[in-house]
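What follows is a set of notes on a single structure, which appears directly below.
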Amino acid sequence: MTEGKSEITPIELFFEIERGDFVRAGEASSKIKKKLLRLGFTGSTIRCAAIATYEAEMNIVIHSLGGSLKVKIYPEKVVLVAKDEGPGIPDVALAMKEGFSTAPEQVREMGFGAGMGLPNMRNCADEFEIESREDVGTTVTMVLYKGG
Amino acid sequence: MTLLEVKELLRADSYTECDLSNCEVKAACGADLLSDVLAFTKEQVLLLTGLVHPQVIRTAEMLDLAGIVFVRGKVPSPEMIELAEKKEIPILSTSYPMFKSCGLLYASGVDGDICD
């Protein structure tokens, strides 16, 4: 993981994400997407960042007690850190498998919770790292390179 | 095919102020699973869905979709319309069911190849 190695001071964005807020979920990702567009990032990087942050936002809203999205924007890359407090993930390897989900029925009725979120985040990122502790929370760090 | 032609073909109502004649649709997907849409759909695809809640608009925004058609007579709420206007996502609603809507579009030349 290459977060913080660049000597250039990044542009930083920070968003608090509330548990169960299905109305505002996605607003942080929308703002991140617009910021990247204004800073001259290309279509595929912006789209991947938007999908990755949106999936992260939804995971925080659905599964945690609340959390945050922190974004560091460098000229050549974007570092996204989604951190939450909550039950954590007992088996990360299992959670990374497509189709595995612990989402409640209400979320499935909305069309989410098919066990695609974490794998999709990994697919969107050039670098992906997940750390989770039971009854503490989960942190996902993703790096996307410009034009990557 | 433009979104205006989609509207006429599906006898749909439009709920946003977008100029539908300027919105080109090359491919479409029918889905009630947003997880799959997020994982497998490329940009400028038209989404047909029976789901009606604000996160459908958010999903379309993140993916740069061409627009949304709500099927089976589902009508977007005022807050969804407001969000769609703000995000400039065209939204339509048709009384036709999903299969008929997709079939009509496919028979009219809209592609089903939605993956990158």
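The values are calculated or read from the model by the stated rules, or taken from the named source; none is laboratory data. All of these numbers come straight from a predicted model, not from anything done at the bench. Ideal geometry is used to build each Cβ from the backbone, glycine not excepted, and the neighbour counts take in all protein chains shown.
The figures follow:
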{"read-out": "Of all residues making up region A:45-57, the number that are facing chain B (nearest Cβ under 9 Å) and of a type in the set (S, T, N, Q)", "value": "1"}
{"read-out": "Scope region B:50-62; condition surrounded by fewer than 21 Cβ atoms within 10 Å (Cβ to Cβ) and more than 7 Å from chain A (Cβ to nearest Cβ); matching residues", "value": "B:G50, B:V52"}
{"read-out": "Only listed residue being at the interface with chain B (Cβ under 10 Å from one of its Cβ atoms), surrounded by 14 or more Cβ atoms within 10 Å (Cβ to Cβ) and either of a type outside the set (S, T, Y) or in contact with a strand residue (DSSP E or B) (Cβ under 7 Å, 6 or more places away or on another chain) (or both), chosen from A:E127, A:E98, A:E109", "value": "A:E98"}
{"read-out": "Residue within region A:59-66 that is at pLDDT 95 or above and surrounded by fewer than 15 Cβ atoms within 10 Å (Cβ to Cβ) present", "value": "yes"}
{"read-out": "Given (1) loosely packed, with under 15 Cβ neighbours inside 10 Å; (2) of a type in the set (S, T, N, Q); (3) facing another protein chain (nearest Cβ under 10 Å), index of the condition A:T42 fails", "value": "(3)"}
{"read-out": "Qualifying residue in region A:68-84 (condition: assigned to a loop (DSSP other than H, G, I, E, B), among the charged types (D, E, K, R) and surrounded by fewer than 22 Cβ atoms within 10 Å (Cβ to Cβ))", "value": "yes"}
{"read-out": "Residue among A:A56, A:A49 that is in contact with a Cys (Cβ under 8 Å, 6 or more places away or on another chain) and either closer than 19 Å to A:E131 by Cβ or buried (at least 24 other Cβ atoms within 10 Å of the Cβ) (or both)", "value": "A:A49"}
{"read-out": "Among (1) within 14 Å of chain B (Cβ to nearest Cβ); (2) among the hydroxyl-bearing types (S, T, Y); (3) in a strand (DSSP E or B) - the single one A:T138 does not satisfy", "value": "(1)"}
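One line per residue, one yes/no per condition, for (1) closer than 21 Å to A:V136 by Cα; (2) polar (S, T, N, Q); (3) assigned to a helix (DSSP H, G or I):
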residue: A:R19; (1), (2), (3): yes, no, no
residue: A:S29; (1), (2), (3): no, yes, yes
residue: A:K35; (1), (2), (3): no, no, yes
residue: A:F41; (1), (2), (3): no, no, no
residue: A:M58; (1), (2), (3): yes, no, yes
residue: A:G99; (1), (2), (3): no, no, no
residue: A:V107; (1), (2), (3): no, no, yes
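Here's the yes/no breakdown for (1) part of a loop (DSSP other than H, G, I, E, B); (2) surrounded by 14 or more Cβ atoms within 10 Å (Cβ to Cβ); (3) more than 12 Å from the chain's Cα centre (by Cα):
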| position | (1), (2), (3) |
| --- | --- |
| A:G113 | yes, yes, yes |
| A:R122 | no, yes, no |
| A:M142 | no, yes, no |
| A:G147 | yes, no, yes |
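Residue-wise test of (1) part of a helix (DSSP H, G or I); (2) in contact (Cβ under 8 Å) with a residue 60 or more places away in the chain.
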position: B:K86; (1), (2): yes, no
position: B:I89; (1), (2): no, yes
position: B:S95; (1), (2): no, yes
position: B:K100; (1), (2): yes, no
position: B:L104; (1), (2): yes, yes
